[in-house]
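FYI, it's all coordinate maths here, none of it is from the lab. Owing to the predicted nature of the structure, the values given are computational and were not obtained by experimental measurement. Don't worry about glycine lacking a Cβ; one is built from the backbone with ideal geometry, like all the others, and counts go over all protein chains shown.
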Amino acid sequence: MSRIVVSTGRGGAGKTTFAALATKYLSPPLLLIDIDPDQSLADMLGIDLEKEEVRTVLDVLFDIQKKQGYKELVSMPLPEKIEYLFTSECLYESKYFDLVSLGVKWTEGCYCAPNNLLRGIIPRLAQNYAHVVIDAPAGLEHLNRKVTSEIDDLFIILDPSLKSMRNIQRTRRLVTEICIKYQNFYLVANYRFTEDAEKYIRSADGIYLGKIEPDAEVEEYNLQGRSLLELPDDSPASLSVRHILAKAGYETA
Ligand SMILES: Nc1ncnc2c1ncn2[C@@H]1O[C@H](COP(=O)(O)OP(=O)(O)OP(=O)(O)O)[C@@H](O)[C@H]1O
Ligand SMILES: [Mg+2]
């Protein structure tokens with residue numbers, strides 16, 4: 001059984017950094033899914049998807065919807081076509097992890113059929129992995145509609161603001177409203193928290209796992225487009241993420 005981890009939080013809180021660093025410590029086989037339109041998970045792992053000729057899921061669905069390309073697959077029924085293209089065009093594979101990016105092209109037209117089909121593909125694909133890490137924007141509707149409604153651990157990355165604190169309750173309500181089932185609701189302080197500010201999280205509704213320490217190398221690597229996987233194991237951010245995952249019960253090899 002794969003364990004499904006979701007990293008979410010408000011814009012700029014550090015959810016992609018958390019997902020990228022978790023990649024260092026979660027045991028393979030590991031699948032990463034980027035459902036944030038911002039699409040920076042691959043960048044943070046030093047992968048150029050365009051150069052690798054890996055397409056986003058929505059780009060492929062868009063072409064199918066517009067009947068562009070894939071003429072050789074014209075007689076294939078839609079569910080098989082989507083599944084085939086998903087694994088042949090959208091899956092980036094490497095020694096340590098595989099990665100899928102949902103993409104941003106979600107424009108006019110009714111995507112109900114592809115949407116529903118997609119929702120079946122990812123849980124099926126996830127069964128081949130020990131861990132699945134999903135980088136998700138704060139509104140988790142896409143997660144439920146396109147990816148999965150059953151997850152194990154929800155990590156809410158928080159920035160030190162009242163809005164962020166309020167977002168904890170909002171996220172709780174939202175996951176219930178959109179019928180996402182989860183095991184654990186974890187809270188993580190981002191690198192901007194002071195010890196004083198941390199006390200606000202300790203009294204919040206969720207299991208507080210700790211803070212990600214500020215790390216100048218994270219900024220530097222992100223600026224240079226260098227993979228966060230190359231960050232030294234003893235760097236403050238690496239150590240914090242490892243510690244947080246261990247507290248959540250993960251074996252962090
Ligand atoms: N531990 C850290 N120390 C220093 N800087 C950090 C740390 N974690 C993240 N950052 C910086 O904070 C910024 C936002 O991080 P990140 O992109 O992970 O946030 P996000 O929540 O995924 O943002 P978005 O909502 O845009 O997807 C980045 O520029 C990153 O370099
Ligand atoms: Mg991000």
Counting Lys +1, Arg +1, Asp -1, Glu -1, what net charge surrounds T171 among other residues with beta carbon under 13 Å of its beta carbon? +4
Of all GluC sites (Glu not before Pro) in region 172-253, which ones are in loop regions per DSSP and have a Cβ with at most 11 other Cβ atoms within 10 Å? E251
Here the net charge surrounding I180, from other residues whose Cβ is less than 15 Å away from its Cβ (Lys, Arg +1; Asp, Glu -1), is +2
Using amide H atoms built 1.01 Å from N in the peptide plane, name the residues 5+ places from G210, or on other chains, whose amide H lies under 5 Å from its own. A189
Which value, in Å to one decimal place, does the Kirkwood hydrodynamic radius take for region 1-69 when every pair of different Cα atoms is included? 13.9 Å
Unit Cα scatterers, Debye sum, region 104-253: log10 I(q)/I(0) for q = 0.13 Å⁻¹: -0.74
Compute the angle between helix 112-126 and the longest alpha-carbon principal axis of the chain, please, reported from 0 to 90 degrees and rounded to the nearest 10. 60 degrees
What percent antiparallel are the DSSP beta bridges of the chain, to the nearest 5? 5 percent
Could you give me the radius of gyration and the Dmax of the chain, taking only the C-alpha atoms into account and expressing both in angstrom? 18.2, 63
Kindly state, as a whole number, the per residue volume in cubic angstrom of the convex hull around the alpha carbon atoms of region 29-101. 102 Å³
Debye log10 I(q)/I(0) for region 1-138, one point scatterer per Cα, at q = 0.10, 0.16 Å⁻¹: -0.33, -0.84
Calculated from backbone phi, Karplus (6.51, -1.76, 1.60) coupling profile of region 81-98 in Hz, x at Gly/Pro: 4, 5, 4, 4, 5, 4, 7, 7, 10, 10, 9, 8, 10, 9, 4, 9, 7, 10
